[in-house]
Amino acid sequence: GDLIYPDDSRALPSLKALAESGIRNLKLGYFVYKPREDNYLAYVDKIRRAFDGWQMLSREYGVKICYHTHCGPCMGLNGAALATLLKDFDPECIGAYIDPAHLAVNGEDFDFALSMLKDHLALVALKDVLMIREEKNGHGSVRLDWVRAGVGMVDWTLVFSELRRIGYGGVCSVHCEFEVPEGEFIRAVGKEVEFFRKHL
């Protein structure tokens, strides 16, 4: 969704509903960065003010506010950038939703990102991706192809060995963003889950 600010009219009803349902994590939308318009450090300050408000609400409702490492024009797109946003916030209130596939696209090794985010680690996304070179305007361009786990760029042996090393016992969320023929999606989801359980 696009819920990113704590003064949004949807924030309190959402947190109340999550708390009443026993759901302890809320994934925010994305703070989109426009490099030709935005001042990076001013935007960092704006996001941290928003997280300050979220932290107060988190303490009131007992729901952790999580921000996802996502490639593209998103603030906090990798471990280094997200660590800057999360610095000094209470990990019980504000969490990192780390995504190995998006980190691979951004060129940041999983263990490198994890070392910066482990204290705030709340959620882990499980999906795989290939970067495919295409010709565009007479030179190289890249298209992202979200694929089944194990055929993409993510080093799952590294991911799960590092998660085991730090004793992570939280949620791993399987994202099935690949395309399959009609009628085969549920079976494909089962194969994804099987793959990740094997590597766990």
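The values are calculated or read from the model by the stated rules, or taken from the named source; none is laboratory data. What you are looking at is a predicted structure, and each value in this text was computed from that prediction instead of being measured. With ideal geometry, Cβ positions are generated from the backbone for all residues, glycine too; neighbour counts draw on all protein chains shown. For accessibility, only protein heavy atoms count, side chains too; no ligands or nucleic acids. Shrake-Rupley method; radii C 1.70, N 1.55, O 1.52, S 1.80 Å.
Selection of first residues in the range 161-177 that are within 16 Å of Cys66 (Cβ to Cβ) and of second residues that are part of a loop (DSSP other than H, G, I, E, B) and open to solvent by less than 50 Å² (accessible area, probe 1.4 Å), restricted to Cβ pairs under 6 Å at least 6 apart or on distinct chains, gives the following pairs, ordered by first then second residue: His175/Lys127. Being at pLDDT below 95 and open to solvent by 10 Å² or more (accessible area, probe 1.4 Å) is not true of Gly62. Close contacts from the range 4-20, counting a first residue that is more than 17 Å from Ile94 (Cβ to Cβ) and a second that is modelled with pLDDT of 95 or more, with Cβ to Cβ under 7 Å and a gap of 6+ residues or different chains, come to Arg10/Leu3; Lys16/Tyr61. Six or more apart or on different chains, Cβ atoms under 6 Å: show the pairs whose first residue is in the range 72-94 and under 16 Å from Lys27 (Cα atoms) and whose second is among the aromatic types (Phe, Trp, Tyr) and assigned to a loop (DSSP other than H, G, I, E, B). Note: pairs meeting the criteria are Cys74/Tyr30; Met75/Phe31; Met75/Tyr33.
For the range 156-183, a residue qualifies if it is of a type in the set (Val, Ile, Thr) and open to solvent by 60 Å² or more (accessible area, probe 1.4 Å), and the qualifying residues are Thr157, Val171. Restricting attention to the range 6-14, does a residue exist that is within 15 Å of Leu85 (Cβ to Cβ), surrounded by 12 or more Cβ atoms within 10 Å (Cβ to Cβ) and of a type in the set (Ser, Thr, Tyr)? No, the range 6-14 has no match at all. Residues that are among the β-branched types (Val, Ile, Thr) and assigned to a strand (DSSP E or B) do occur in the range 160-176, at least one of them. Among the conditions (1) touching a Gly at 6+ places or on another chain (Cβ under 9 Å); (2) surrounded by fewer than 18 Cβ atoms within 10 Å (Cβ to Cβ); (3) among the charged types (D, E, K, R); (4) modelled with pLDDT of 95 or more, Lys127 misses just one, which is (2). For Met116, the stated conditions do not hold, so it cannot be described as surrounded by 17 or more Cβ atoms within 10 Å (Cβ to Cβ) and out of contact with any Gly (no Cβ under 9 Å at 6 or more places or on another chain).
Scanning the range 74-107 for residues that are modelled with pLDDT under 95 and at negative phi yields one hit, Asn106. Looking across the range 65-95, the residues that are of a type in the set (S, T, N, Q) and surrounded by 21 or more Cβ atoms within 10 Å (Cβ to Cβ) come down to Thr69, Asn78. With Thr69, Thr84 as the choices, which residue is among the β-branched types (Val, Ile, Thr) and within 13 Å of the chain's Cα centre (by Cα)? Just a single option satisfies the conditions, and that option is Thr69.
In summary, helices (runs of 4 or more DSSP H) completely within the range 39-134 and bearing 3 or more residues that are out of contact with any helix residue (DSSP H, G or I) (no Cβ under 7 Å at 6 or more places or on another chain) occur at 40-61, 100-106.
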